[in-house]
Amino acid sequence: PKVRQYFIDWGQWYLNTTKVDGFRLDALKHIDNTYFPEWLGKLRSYSNKELFTVGEYWSADLGTLKNYLEVTDRCLSLFDVPLHFNFFAASHGNGNFDMSKLLDNTLVQCDPAKAVTFVDNHDTQAGQALQSAILDWFVPLAYGVILLRNQGYPCVFYGNYYGVPSHNGVAHKEVLDVLMKARRTLVYGTQHDYFDDFNVIGWTYEGDSEHEDSGIAVIMSDNIGGQKTMNVGIKHAKETWIELTGQFSDETIIDDNGQGLFKVNGGALAVYAKKTTR
């Protein structure tokens, strides 16, 4: 009982001292799961804040994560470890991963409000205890999934953004800046999924009236390049759309039915939006 109270006292001190708005809880599987509803409940009451909290329960088994959420009264969110391992499998699949199943058996698919999506973290790097780093070529595709869909709470890894020189990590800052801006300004409205091909998948958002020029089309391939006709909404009819990452310079014209033909290079991600949004 004294230790439990010390942690509550410490939590209050930490909130007062740092003014943080939430917590990341490490290594949940090694801690009594009955404690967190009590601890977070008291700190939320004390601070009168939501205190968004994400926990690291390192398991690729979706059932295990779902069970943990229930036994803790859904008082926190969890990192979507199964999604990370889908990314890992796809990046090492040599084009033989079924991209139409990229979101299968993931937390973000079944419980998006409690899923914190990520690509890599400090533990997945080479030489670390949970080594499972996503190959560099697939990193932009993986971030396209977590940043350009409105399900889940995406988490960008410092090492993916700036690179990790000691591990020969590539910095993806340029493309991630494009994707994060697109998330803020474009990913609104009705969503259409096109997870209908083994290699080339995509999705669109039609945008809404509250966000000027919003709407987006995303397409990716883990193998050869391709193209896909996707609907971005009839309100975009006759608009000119362009690719935002610099992969293509030619323009796409949206037809009278809101359909556009969008293409992607092999092993790449392409992101399209109305021309004025570049």
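The values are calculated or read from the model by the stated rules, or taken from the named source; none is laboratory data. These numbers were taken from a predicted model, which means no experiment stands behind them. Because the Cβ atoms are built from the backbone with ideal geometry, glycine has one as well, and the counts that use them run over all protein chains shown. Keep in mind that these areas ignore ligands, DNA and RNA; they rest on the heavy atoms of the full protein, side chains included. Shrake-Rupley method; radii C 1.70, N 1.55, O 1.52, S 1.80 Å.
Quick look at the values:
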{"read-out": "Residue list for the stretch 89-123, filter: among the polar types (S, T, N, Q) and assigned to a helix (DSSP H, G or I)", "value": "Ser91, Ser100, Gln109"}
{"read-out": "Wholly enclosed strands (runs of 3 or more DSSP E) of the stretch 189-278 bearing at least 2 residues under 20 Å from Val139 (Cα atoms)", "value": "200-205, 216-221, 259-264, 268-274"}
{"read-out": "Within the stretch 254-268, tally of residues that are in contact with a helix residue (DSSP H, G or I) (Cβ under 8 Å, 6 or more places away or on another chain) and open to solvent by 10 Å² or more (accessible area, probe 1.4 Å)", "value": "4"}
{"read-out": "Count of residues meeting criterion [open to solvent by less than 10 Å² (accessible area, probe 1.4 Å), touching a helix residue (DSSP H, G or I) at 6+ places or on another chain (Cβ under 6 Å) and over 13 Å from His172 (Cα atoms)] in the stretch 111-133", "value": "3"}
{"read-out": "Residue match in the stretch 124-141 (condition: part of a loop (DSSP other than H, G, I, E, B), under 20 Å from Thr245 (Cβ atoms) and out of contact with any strand residue (DSSP E or B) (no Cβ under 9 Å at 6 or more places or on another chain))", "value": "yes"}
{"read-out": "Cβ-Cβ under 6 Å pairs, at least 6 apart or on other chains, the stretch 7-23 side under 16 Å from Gly55 (Cβ atoms), far side open to solvent by less than 80 Å² (accessible area, probe 1.4 Å) and not basic (Lys, Arg)", "value": "Gly11/Leu43; Gly22/Leu51; Gly22/Phe52; Gly22/Thr53; Phe23/Thr53"}
{"read-out": "Residue list for the stretch 170-188, filter: open to solvent by 40 Å² or more (accessible area, probe 1.4 Å) and small (Gly, Ala, Ser)", "value": "Ala171"}
{"read-out": "Residue in the stretch 56-88 that is farthest from Trp39 (Cα to Cα), counting only those that are open to solvent by 20 Å² or more (accessible area, probe 1.4 Å), of a type in the set (A, V, I, L, M, F, W, C) and in contact (Cβ under 8 Å) with a residue 40 or more places away in the chain", "value": "Phe88"}
{"read-out": "Cβ-Cβ under 7 Å pairs, at least 6 apart or on other chains, the stretch 226-246 side among the acidic types (Asp, Glu), far side open to solvent by 20 Å² or more (accessible area, probe 1.4 Å)", "value": "Glu239/Lys274"}
{"read-out": "Test for Ile242: is it touching a helix residue (DSSP H, G or I) at 6+ places or on another chain (Cβ under 7 Å) and either hydroxyl-bearing (Ser, Thr, Tyr) or surrounded by fewer than 21 Cβ atoms within 10 Å (Cβ to Cβ) (or both)", "value": "yes"}
